[in-house]
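Below: the structure, in structure tokens.
The values are calculated or read from the model by the stated rules, or taken from the named source; none is laboratory data. Predicted, not measured: the structure shown is a model, and the values here were computed from it. Because the Cβ atoms are built from the backbone with ideal geometry, glycine has one as well, and the counts that use them run over all protein chains shown. The area values use the complete protein model at the heavy-atom level, side chains included, leaving out ligands, DNA and RNA. Shrake-Rupley method; radii C 1.70, N 1.55, O 1.52, S 1.80 Å.
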Amino acid sequence: MSLPLNENFSNDNLWKNNSTLLRNRFPELFNLLKTDIDKVELALQNGTNPFPFWQTENAKNGNLTVRENSILLHSGYNPEREAQQAASSFDSQNFEAALFLGFGLGYLPDSFCKTHKDKTIILVESEPLHFLASLFYFDWKNILLHEKCILAIGCSHQELLGIVNHFGIKNCVVFCQKNQAAHADSYFEGFQKLLERNRQKEEINSNTLERFASLWLKNNCRNLEKACLLDGINIYKDSAAKLDAVILAAGPSLKKVIPHLAEIKKRSILICVDTALRACLKAGVEPDFVILIDPQYWASRHIEGLKSASSVLITEGAAYPSVFRFKCRKTVVCSSLFPLGQYFEKKLALAGAVNAVKGKIDTGGSVATSAWDFARFIGVKRIFFAGLDLSYPEKNTHIKGSTFEEAAHKVSTRIKTAETQSSDYLFSIQTEKAFDYTGKPVLTDSRMKMFAWWFESRLASPDSADTYTFCPENLAIPGIKLFSLEDFLKNEIKDKEKKDFFEHAAKNSCENFSDEQKTELKNQFVRIKQELSDTLQNLIENAQKGYFICEKIISGSEKNIERALQKLQEIDVSISDSSVKEIVSLVFPTEKQLKRIFEEETPPDNVKQDKLKSNIFRSKIIYRELKKAISDYIKNLS
């Protein structure tokens with residue numbers, strides 16, 4: 001509850017109580033805010049207003065309210081009731097955490113703590129003095145003593161996103177009252193955009209999982225042994241400190257850089273994304289690394305029929321199997337993006353296999369993001385891009401000679417030329433205007449903007465690498481600066497440094513293993529695979545038991561309901577505690593798919609009207625889908 005207005009700023013007891021609670025509950029935050037707290041204390045001692053940005057007044061019902069820039073932050077009639085109504089309007093079953101982007105005096109978080117005692121509250125404020133002003137004017141006891149309270153005061157957007165991601169964006173309800181966020185509108189609006197981008201990313205990931213989970217499983221199983229026995233990218237980790245990296249993406253602007261590739265390669269580690277390889281080889285240059293992470297069949301077509309004898313191919317265990325037949329100097333894998341590969345990597349590491357941990361590459365939905373993260377992983381001094389347009393300069397989609405452009409020519413006809421297909425593609429998507437490095441407008445789309453945001457967010461991180469582009473016509477990305485190709489070519493040739501880099505990696509290769517070590521590694525793989533098969537078989541038996549128990553309850557043939565429910569609970573705990581539940585989750589229906597199944601398979605009326613049987617009917621469907629998912633795994637593993 002707020003105290004009455006006191007024009008002499010003498011809410012001493014309230015301030016002391018709140019600041020004492022803050023120090024006891026959040027001592028690290030208190031220390032971080034100590035400079036601002038001392039300023040408040042000094043102002044109070046001098047009888048001056050430490051919070052001139054707020055003008056306090058009483059609402060009609062006597063509650064304290066405040067104005068900022070003449071705008072009321074709370075109701076002018078009954079702020080407490082307003083907050084209670086907002087807090088109680090949310091079904092507590094639908095979220096785990098409440099995110100408050102600004103909060104004024106604190107009426108809403110206070111009411112929320114009373115209404116949803118078991119939920120986490122995350123209070124966000126970019127300006128420490130606004131937070132301290134709330135402590136001065138309003139009683140924060142309920143908030144500061146709330147069991148699950150997180151104070152995010154003065155945090156960066158990435159720090160906030162990390163907090164939200166801990167709970168999952170879809171599990172958070174967001175409160176942002178415009179008036180209470182107006183004092184730092186760019187901060188709060190920026191974070192809301194970041195949240196929306198991540199929501200979109202989660203939606204894309206969910207849709208992609210629905211479409212390709214089965215393919216990923218098949219690829220993973222077919223490549224499993226090969227991927228486990230190959231070297232990982234770890235053999236290159238942090239060993240390129242004396243070198244720059246140049247990444248070739250397949251945007252149209254790459255054509256301006258292609259004539260200089262041979263000279264660029266002499267001065268850097270040359271990393272080529274799969275879509276740009278064909279154009280690179282046409283120029284007579286074999287890159288140092290080729291990256292192909294995407295498991296889809298069409299990604300494998302980008303390098304089909306090509307060979308690059310001096311290149312190292314970087315791929316992933318779920319890549320289309322033909323990728324592993326690419327003719328190159330060496331194939332290495334990164335740590336798997338999927339649960340099955342991760343399971344084997346972990347188990348082999350626990351067994352002491354030297355090459356078990358492959359090395360993680362982050363992905364942002366584009367192979368160019370993976371290439372950048374690999375360059376960062378090997379510890380280069382600087383990273384340069386060529387062809388990272390993330391837009392359609394002059395209405396082109398890809399560099400001439402890329403896989404996409406070649407494919408368009410192969411299927412072109414007199415009335416549907418390659419140029420017509422490119423135009424059709426541009427008209428079929430929802431393009432947006434953005435700007436390149438010269439300030440000129442370019443066409444882009446939401447997907448490419450998401451890739452650009454990925455780079456922007458990573459480049460804001462303290463462990464990032466200085467990143468540049470040679471191409472001024474690229475979509476301008478904060479954090480990636482323009483660099484003259486002419487100036488880059490003035491750098492000294494790095495033949496010796498590159499030789500040392502690859503020789504260092506060769507010393508760490510599993511190719512140096514003795515025959516006994518190689519045999520032991522294969523034996524460990526076979527043992528882990530058998531253990532996995534046995535565990536999956538046990539899991540499917542539990543799901544089968546659960547399914548039959550549900551059928552008996554629904555049919556009415558189960559006489560001891562209490563015992564049956566206890567047995568179902570034991571089965572659920574066993575499944576939940578299984579060491580392979582993450583593996584099965586890859587092909588288990590997503591939340592959206594399950595919802596569709598529940599809508600399509602409605603129970604009979606007599607079951608629907610019985611709440612217990614209706615819930616058991618859903619459980620039966622889940623057990624059935626679990627059996628199908630596990631059976632799919634066992635079939636592909638055998």
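Here are some notes:
- Once the 1.4 Å probe is applied to the protein heavy atoms, the stretch 50-95 comes out at 55 Å² accessible per residue.
- For the chain, the longest principal axis of the alpha carbon atoms and the long axis of helix 128-137 meet at an angle near 20°.
- Selection from Trp454, Pro128, Leu105, by position along the positive dipole direction of the chain (Cβ): Trp454
- Within the same chain, aspartates and glutamates fewer than 8 places from Lys170 are excluded, and of the rest, those with a Cα less than 15 Å from its Cα are Asp91, Glu96, Glu196, Glu202, Glu203, Glu591.
- For the stretch 50-82, applying the loop criterion from DSSP together with a ceiling of 16 other beta carbons within 10 Å to the trypsin sites (Lys or Arg not before Pro) yields Lys60.
- The stretch 497-585 - Kirkwood radius from inverse mean 1/r over Cα pairs (Å): 17.2 Å
- Cα long-axis angle, helix 157-167 against the chain (0 to 90 degrees, to the nearest 10): 90 degrees
- Helix 34-45 vs. the chain, principal-axis angle (Cα, 0 to 90°, nearest 10): 20 degrees
- Distances between placed amide hydrogens fall under 5 Å for Ile378 paired with Asp238, all partners being 5 or more residues away or on another chain.
- Look at where the Cα atoms of the stretch 297-327 and of the stretch 144-178 average out, and the two centres are 42 Å apart.
- In the stretch 429-486, Cα pairs under 8 Å separated by at least six residues give a relative contact order of 34 percent.
- Environment charge at Val357 (Cβ cut-off 14 Å; Lys +1, Arg +1, Asp -1, Glu -1): +3
- Value of relative contact order over the stretch 274-332, rounded to a whole percent, pairs C-alpha under 8 Å and six or more apart: 35 percent
- In this structure, the residue pairs whose Cα-Cα separation is over 20 Å, taken from Lys360/Lys627; Lys16/Lys39; Lys117/Lys141; Lys256/Lys490; Lys559/Lys595, are Lys360/Lys627; Lys559/Lys595.
- Whole-Å distance, taken between Cα centres, linking the stretch 96-134 and the stretch 435-477: 35 Å
- DSSP bridge pairs, the chain: antiparallel proportion in percent, nearest 5: 25 percent
- Linear extension gain, Thr590 paired with Val526, 0.36 nm per residue minus alpha-carbon span: 20.0 nm
- Rounded to the nearest 20 debye, dipole of the chain from Cβ charges on Lys, Arg, Asp, Glu: 1840 debye
- Rounded if a/c under 1.5, otherwise prolate or oblate - the stretch 224-317, Cα gyration tensor axes: oblate
- Relative contact order, percent, the chain [alpha-carbon distance under 8 Å, six or more residues apart]: 11 percent
- Gyration tensor (alpha-carbon) shape descriptor, the chain, a/c threshold 1.5: oblate
- The Cα center of the stretch 59-91 and the Cα center of the stretch 576-627 differ in position by 43 Å.
- A Förster radius of 56 Å, combined with the Cβ-Cβ distance separating Glu41 from Glu570, puts the computed FRET efficiency at roughly 0.45.
- Positive-pole candidate from Ser464, Gln569, Ala227, dipole of the chain, charges at beta carbon: Ala227
- Gyration tensor (alpha-carbon) shape descriptor, the stretch 577-638, a/c threshold 1.5: prolate
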